[in-house]
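Note sheet for the following structure.
Bear in mind these aren't lab numbers, they're just calculated from the coordinates by the rules spelled out. Computed from a predicted model, the values in this text were never measured in an experiment. Cβ placement follows ideal geometry from the backbone for every residue including glycine, while neighbour counts extend to all protein chains displayed.
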Amino acid sequence: MSEVIWGLGTSHVPSIGAAMDRGLHDDPVWSKLFAGYQPAREWLADRTPDVAVLVYNDHANGVDLDVVPTFGIGVADRYAVADEGFGRRAVPDVVGHPELSFHLLQSLVDDGFDMTVFRELDVDHGFTVPLSVWTPDPGDAWPCPVIPLMVNVISYPQPTAARCYALGQALGRALASYPEDITVGILGTGGMSHQLAGTRAGFINPTFDHMFLDAIEVDPEKLAALSREDYIREAGSEGIELIMWLVMRGAMNAEVTKVHTAYHVPASNTAAGLALFDNRAPARA
Amino acid sequence: MSEVIWGLGTSHVPSIGAAMDRGLHDDPVWSKLFAGYQPAREWLADRTPDVAVLVYNDHANGVDLDVVPTFGIGVADRYAVADEGFGRRAVPDVVGHPELSFHLLQSLVDDGFDMTVFRELDVDHGFTVPLSVWTPDPGDAWPCPVIPLMVNVISYPQPTAARCYALGQALGRALASYPEDITVGILGTGGMSHQLAGTRAGFINPTFDHMFLDAIEVDPEKLAALSREDYIREAGSEGIELIMWLVMRGAMNAEVTKVHTAYHVPASNTAAGLALFDNRAPARA
Amino acid sequence: MTSPQPAPTYVFDGPTSRRGHRMNKMFMSLTRAQAREEFLADESAYCDRFGLAEDQTTAVLRRDWQAMLDLGGSIFYVYKLAMMDGLSMQYLGGVFTGMTEADFKAAMLAGGRTDV
Amino acid sequence: MTSPQPAPTYVFDGPTSRRGHRMNKMFMSLTRAQAREEFLADESAYCDRFGLAEDQTTAVLRRDWQAMLDLGGSIFYVYKLAMMDGLSMQYLGGVFTGMTEADFKAAMLAGGRTDV
Ligand SMILES: [Fe+3]
Ligand SMILES: [Fe+3]
């Protein structure tokens, strides 16, 4: 069986990637955000898993509006970094893990999740920015193979938060039944509160975000019980991306150990959050 | 609420469409097949619904292997007839019903079905042949708007028969909650037993097919309990298409009235079957 | 279907996505350099090619970002036109809220708009 | 993953679909008239363009339908090449089972192969 060793929730704002790509690490607008990432990066650097599963959404780069899957999974050997209009980010392509992908696919479909299979997929900032948050200097390659798990969050109706949490739990079961002994890291991405369009553009809700950062650790069921409309009202129309953190959390144990959290406003128009959890049982007294 | 008035299960073999398009209605190879359709066609001609939902699979014409949805639903105004390589069938394009499509989409997603949304979709013989079985001479237009419900049956792992039946039941609930009073016909397509490739090509299992034609009326749970492997073994590797009849059946009442069934071997390499059910409560003594 | 639009929020639901479909496809095409050249050579003809409604074409030609949203544009697609014009999401945020880009940026740096 | 291949049956599972992916994409392309022309002008070069493995190209050039299946071809995709050649699914059925097309058709008309 494979073992989930950690779960990382993180925003995936494109400007975070752009700031890193332009070396703005010490820029006064950005330095606090990156300082908040540092403890997580250090912890993760010593705990590279054999494979990672990255839960994300595409932003009209890898898929078009013609065909919008609610849940998709990549089964490719390799995922190219998308050109979002003005050249691709200068980061490595993503190496996949098709054997584990096909195992997860079969297990999830047998478990009643109606996955869409991607045999080819270009991944956009929603995917590569979290990888950069984890690994700022990947060199020629990301630290391990990564499997994309795509969630529709931009086209209504999104899956419910409860369904995302259930998908995470099914993902946990699927990983546990993998015949090989490998270690796995899970990334849930998106959020935190933000709204891009309309008179409410620039909306930030730090109260909700802090509640979310706490509850994702100790009471994910509470977050899973919120409706689409709750997320849109409390976290903004794009803050609904936070439902993807629930997939990550669902794949972990009921009890997890918090390694580090960080919260910063703004990354461009968005509240940026990070939460890192150790999935190994805490030492007991 | 909308009311499902009938359900039609039918094979969708391309050669059936080709035979109709070439006017081979009275050809000795085909006349028996078409004679078997006649009573169903007559009954249906008097019962045109306001909308139909057609459950089918694409055969590498409307979607490619790059992106394979387990379950998809069309939300378009119109669906073009696909060119499968040598010109499109000379039948009308399909008019959609986006209002009902979006209602079904929301209801199904809320009910935990992870639908893929098609805002554009070309429909192939899997879709147009059943329409021709229902309406041999459509003239300029099919009898009513039709909503495509796509199921992956050609790429392993297909959804389980049980999941297809559950989708049908959710479809029934979704239709029942539609605010307008409209009548609906449901078509489940594919099968019956056949296998196209390998040393087992030409495989036909009339015993299984007859069992299926009986059970789809009176004991669909029995069919829903069969595994993928059961279908592939008993009905051939392409006979697994029969799981799509379970979506149709699931959307109907527990008790339905058989109007007509027909069975004929062969349509090209396939056992062709038809089963038509009245969903209105039978008159009681 | 029921529409869940909270008052000042755009939700890309069924009716919205139907209205905006061709315009959003046009925006999507602008991710290719060749398409951007063709668009810039004759914006109106390019919009016609994608079958935009007249009010949509007008909104695109005038860079009326608010109108694009009202006519079914998805912000992720509208943004592709803005990117082509060298405009940022923060510029758009300013337009939508009646601020200059500088004021919008300042509002975000001050902790974002927490009272809307 | 567990493979559910019943003995003489092709199931288009993960390993099969990975092996056949480029070849199936090449078959898919043949639904366009222009692509068929380019294919027929230089079949080997066309296969190279899609990145087929050598044994796959050989199978395509020789019209070795059985080998195409064994090398990851999906029957629905392989059939697109057969259609281009003017061959029917019943012809292919004959090839797979070691019969002439006429014999295969006769077997189907007689009720199909019920004993396999
Ligand atoms: Fe995002
Ligand atoms: Fe079929």
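What fraction of the DSSP beta bridges in region A:70-132 is antiparallel, stated in percent and rounded to the nearest 5? Mind showing how you got there, number by number?
Details: 3 of 8 bridges.
Taking every DSSP beta bridge with both residues in region A:70-132, the antiparallel ones total about 40 percent.
I need B:THR48, A:THR135 ordered by Cβ neighbour count within 10 Å, fewest first.
Working: B:THR48 15, A:THR135 19.
Arranged by neighbour count, lowest to highest, B:THR48, A:THR135 become B:THR48, A:THR135.
Calculate the FRET efficiency for A:GLU3 and D:ARG19 from the Cβ-Cβ distance with a Förster distance of 25 Å, rounded to the nearest 0.05. Let's see the in-between values first.
Values: r = 30 Å, r/R0 = 1.20.
The pair A:GLU3/D:ARG19 has a calculated efficiency of 0.25.
Say each of B:ASP27 and B:PHE86 gets a label point 7 Å from the Cα, pointing the same way as Cα to Cβ; how far apart are those two points in nm?
The two pseudo-label positions are separated by 1.2 nm.
Hey, in the GNM for chain B with a 10 angstrom Cα cutoff, which one of B:ALA254, B:ALA235, B:ALA76 fluctuates hardest?
B:ALA254
If you take the square roots of the eigenvalues of the alpha-carbon gyration tensor of region A:86-188 and sort them as a ≥ b ≥ c, do you get rounded (a/c under 1.5), prolate (a/b over b/c) or oblate?
Details: a/c = 1.94, a/b = 1.30, b/c = 1.50.
Cα axes put region A:86-188 in the oblate bin.
With a/c under 1.5 counting as rounded, go ahead and sort region B:7-52 into rounded, prolate or oblate using the C-alpha gyration tensor (a ≥ b ≥ c being the square roots of the eigenvalues; past the cut-off, prolate if a/b is larger than b/c, else oblate). Walk me through the intermediate numbers first.
On the way: a/c = 2.28, a/b = 1.77, b/c = 1.29.
Prolate is the answer for region B:7-52, as a/c is 1.5 or above and a/b outweighs b/c.
Please give the calculated 222 nm ellipticity per residue for chain D, where each DSSP H segment of at least 4 residues contributes -39500 (n - 2.57) and the sum is spread over every residue; nearest 500 deg cm²/dmol? Before the final figure, lay out the partial values.
Values: 8 runs with 74 residues, N = 116.
Taking each H run of at least 4 residues, the total per residue is -18000 deg cm²/dmol.
Considering every residue in C:72-84, what mean count of other chain Cβ atoms within 10 Å of its Cβ is obtained?
Values: counts 0, 1, 6, 10, 11, 5, 2, 7, 5, 1, 0, 3, 2.
Counting other chains' Cβ atoms within 10 Å and averaging over C:72-84 gives 4.
For B:PHE203, what residues show an amide H to amide H distance below 5 Å, using hydrogens built from the backbone and excluding near sequence neighbours?
B:GLN195, D:ARG113
Pairs C:LYS25/C:LYS105; A:LYS32/A:LYS222; A:LYS32/C:LYS25: which exceed 32 Å Cα-Cα? If you can, show how the numbers build up before the last one.
Details: C:LYS25/C:LYS105 30 Å; A:LYS32/A:LYS222 30 Å; A:LYS32/C:LYS25 38 Å.
Flagged as over cut-off: A:LYS32/C:LYS25.
With labels modelled as points extended 7 Å from the Cα through the Cβ direction, what inter-label distance (nm, one decimal) is found for D:ASP48 paired with C:ALA33?
With each label point 7 Å from Cα toward Cβ, the separation is 2.6 nm.
For label points placed 7 Å from Cα toward Cβ, what is the shortest-first list of nm distances from D:THR100 to its copies?
Ordered by distance, the counterparts are at 8.9 nm.
I'd like the Karplus ³J(HN,Hα) series for region A:105-111: coefficients 6.51, -1.76, 1.60, θ = phi - 60°, whole numbers in Hz, and an x wherever there's a Gly or Pro.
Once θ is set to phi - 60°, the couplings for region A:105-111 become 4, 5, 5, 5, 5, 5, 8 Hz.
Does chain C come out rounded, prolate or oblate by the C-alpha gyration tensor, with a ≥ b ≥ c the root eigenvalues, rounded set by a/c under 1.5 and, if not, prolate when a/b is larger than b/c and oblate if not? Numbers along the way, then the final one.
Working: a/c = 2.37, a/b = 1.32, b/c = 1.79.
Verdict is oblate for chain C.
Which residue is it, in chain D, that holds its beta carbon closest to the axis of the D-onto-C rotation, and how many whole angstrom away?
D:GLN34, 9
Indicate, rounded to the nearest 5 percent, the antiparallel portion of the DSSP beta bridges found entirely in the protein assembly as shown. Each step should come with its number before you reach the end.
Values: 44 of 90 bridges.
Percentage antiparallel, nearest 5: 50.
Mean-square fluctuation check for chain A, GNM, Cα pairs under 10 Å: which of A:ALA271, A:ALA224, A:ALA45 is largest?
Per the Cα network of chain A with a 10 Å cutoff, A:ALA45 tops the list.
May I ask what percent, to the nearest 5, of DSSP beta bridges between residues of region A:3-278 are antiparallel?
Values: 19 of 41 bridges.
For region A:3-278, the DSSP antiparallel bridge percentage is about 45.
Restricting to Cα pairs below 8 Å that are 6+ residues apart, what does the relative contact order work out to for region C:14-85? Please round to a whole percent. It would help to have the intermediate numbers written out before the result.
Numbers: 68 pairs, mean separation 32.6, N = 72.
With pairs under 8 Å counted, the relative contact order is 45 percent.
Counting only helical runs of four or more DSSP H residues, what would the 222 nm mean residue ellipticity of chain A come to if each run contributes -39,500 (n - 2.57) and the total is spread over all its residues?
Working: 9 runs with 96 residues, N = 285.
-10000 deg cm²/dmol, from helical runs alone.
Could you tell me the calculated FRET efficiency between A:GLN38 and A:THR257, based on Cβ-Cβ distance and R0 = 25 angstrom, to the nearest 0.05?
Working: r = 19 Å, r/R0 = 0.76.
Plugging the Cβ-Cβ distance into 1/(1 + (r/R0)^6) gives 0.85.
If we hang a label 7 Å off Cα along the beta carbon direction at A:ASN253, how far is it from the matching labels on the other copies, in nm, shortest first?
5.3
Just to be sure I understand: with springs between alpha-carbon atoms less than 10 Å apart, which residue in C:ARG22, C:ARG62, C:ARG36 has the highest mean-square fluctuation in the Gaussian network model of chain C?
Maximum among the listed residues: C:ARG62.
Find the centroid of the Cα atoms in region B:55-83 and in region A:249-264, then give the distance between the two in whole Å.
39 Å
Ordered shortest first, which distances in nm separate the 7 Å Cα→C-beta label point of C:GLU54 from those of the other copies?
For C:GLU54, the inter-copy label distances come out at 6.5 nm.
Could you compute the net charge surrounding A:ALA162? Neighbours are other residues with a C-beta less than 13 Å from the C-beta of A:ALA162; K and R count +1, D and E count -1.
Numbers: positive: A:ARG163, A:LYS222, A:ARG228, A:ARG249; negative: A:GLU221, A:ASP230, B:ASP110, B:ASP111, B:ASP114.
Net charge in that neighbourhood comes out at -1.
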